[in-house]
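The values are calculated or read from the model by the stated rules, or taken from the named source; none is laboratory data. Worth saying up front: this structure is predicted, and the values here are computed from it rather than measured. Counting neighbours? That spans all protein chains shown, and the Cβs are built from the backbone with ideal geometry, glycine included. The area values use the complete protein model at the heavy-atom level, side chains included, leaving out ligands, DNA and RNA. Shrake-Rupley method; radii C 1.70, N 1.55, O 1.52, S 1.80 Å.
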Amino acid sequence: SLKSPALPPAVIEGTTVDISFLVYLLIAKYVWHLPLYRQEQILKAQGIKISRDTLIRYVIAVASLLKPIYQALGAALFEGNHLFGDETPVLVGKKSLEKKRYTESWFWAFLGDSGCAFYHAPSRAFKEVAPLLSSYSGYMQSDGYNVYEKLSRDYPEITLVSCWAHARRKFIDAEKGGNAPEATEALRYIRALYKVEARIRERELKPPYILKLRQRFSRKILRLFERWLKSKASDPNLLPKTLFGVAINYALKRWQALCLYTTNPVLAIDSNAVEREIRPIALGKKNWLFCASETGAEASAIIYSLIASCRLAKIDPSDYLTDVLDRISSYPASKVIDLIPARWSNTINNLSVEAAA
């Protein structure tokens, strides 16, 4: 009699959908920004009828499978001592009786040596992010948003490092808004600081030499710039509410935090690194517009986190997702940290060596 081999266990219980399709679904939505309703239409044109609601259930189910890795990623980030922080808005809701009922919520982003993690929260308030960072000890690089400043005040173990890119934008606004000569002079100082950083990148300097170069050149520029800013701030003709006055006040108020990067080579001159990881979400929002539910937003945070961390680890997210979805159901919970993108390549290499032995 004929015998057929047993079907492999389903990735999502109660379905026959395989890993390759699920990975395609995630990559199309979260890397190429193709909304699920468009994917539904594409599949239909190919003779495959799967409703958007079913596709949504698949995405949420996969995110649930990946959640232990996402949680391990977050734990690894907050155990480090250097983070970048930022946040981006996202609409959550759906049409009801032909009326749009959306609420604005947020993805909070934290980037460190272990990768990048996004956390969905209903608001941009201090109470949303404080529980995540209450036990964190280390540097936090961010823009001038007051929640990060409050974190560093309320939790002494958090040292705030301010962002020169945001300070520069204030002077660019002032240059465009009528204070051109003074703002242009300020921008010359800031441009000189970035030239030092460019030299560091071009020479691919190691930490001790990064510190040496910053202390030799950047600190001298900063001393001259501070003196110049204070002289402009003391000018009785300067109106504090002008764009130039606002730019000076912004920089001087955060001066110590703006200069801190020159004391430690692991720190950066700005928080652009985390803004780069937020950019794909901003691009995606132009296409998928909103998350249909809180559960969907949380699922998106999980998947965006792992894909961003793949990008940082320079690994293909398709290869990564295909492998971990195959492993996760039987992988020991105590070792799931080994499946975060930053460690994944070493993990599968070690497993291959063990199997060969």
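Brief remarks on what is shown
- 12 Å Cα-Cα reach of K67 towards aspartates and glutamates, excluding residues that sit fewer than 8 places from it in its own chain: E298
- Using C-alpha pairs under 8 Å with a sequence gap of at least 6, the mean separation divided by the residue count of segment 281-357 gives a relative contact order of 25 percent.
- Here is the list for segment 1-94: GluC sites (Glu not before Pro) lying in DSSP coil, each with at most 15 other C-beta atoms within 10 angstrom of its C-beta, are E13.
- Fraction of C-alpha pairs exceeding 14 angstrom in segment 45-114: 76 percent, rounded to a whole number.
- R0 of 41 Å, Cβ-Cβ distance E202-L239: FRET efficiency to nearest 0.05: 0.50
- The chain: DSSP helices with Cα axial extent of at least 20 Å and average Kyte-Doolittle hydropathy no lower than 0.5: 52-79, 294-313
- Zone residues, segment 273-289, relative to Y194, backbone N less than 17 Å from point 7 Å out along Cα-to-Cβ: 273-276
- Calculated from the alpha-carbon coordinates, the chain shows an Rg and a Dmax of 24.1, 99 Å respectively.
- Sorted largest first, extent of segment 3-84 alpha carbons per principal axis (Å): 52, 38, 17
- Heavy atoms of D316 accessible to a 1.4 Å probe, total area in Å² rounded to 10: 70 Å²
- The charge dipole of segment 270-357, taken about its Cα centre with unit charges on the Cβ of Lys, Arg, Asp and Glu (plus for the first two, minus for the last two), comes to roughly 200 debye.
- Longest site-free stretch - the chain; sites: chymotrypsin sites (Phe, Trp or Tyr not before Pro), DSSP loop, at most 16 other Cβ within 10 Å: 146-357
- Those aspartates and glutamates that a straight Cα-Cα span of less than 16 Å connects to K150, excepting residues fewer than 8 apart in one chain: D86, E87, E128
- Bridgeable aspartates and glutamates around K212 (alpha carbons under 17 Å apart, same-chain partners fewer than 8 residues away excluded): E197, E202, E204.
- Size of segment 130-206 from its Cα atoms: along the principal axes, largest to smallest, the extents are 45, 36, 15 Å.
- Placing a label point 7 Å from the Cα of R153 along the Cα-to-Cβ line, the residues of segment 104-143 whose backbone N sits under 13 Å from it are 126.
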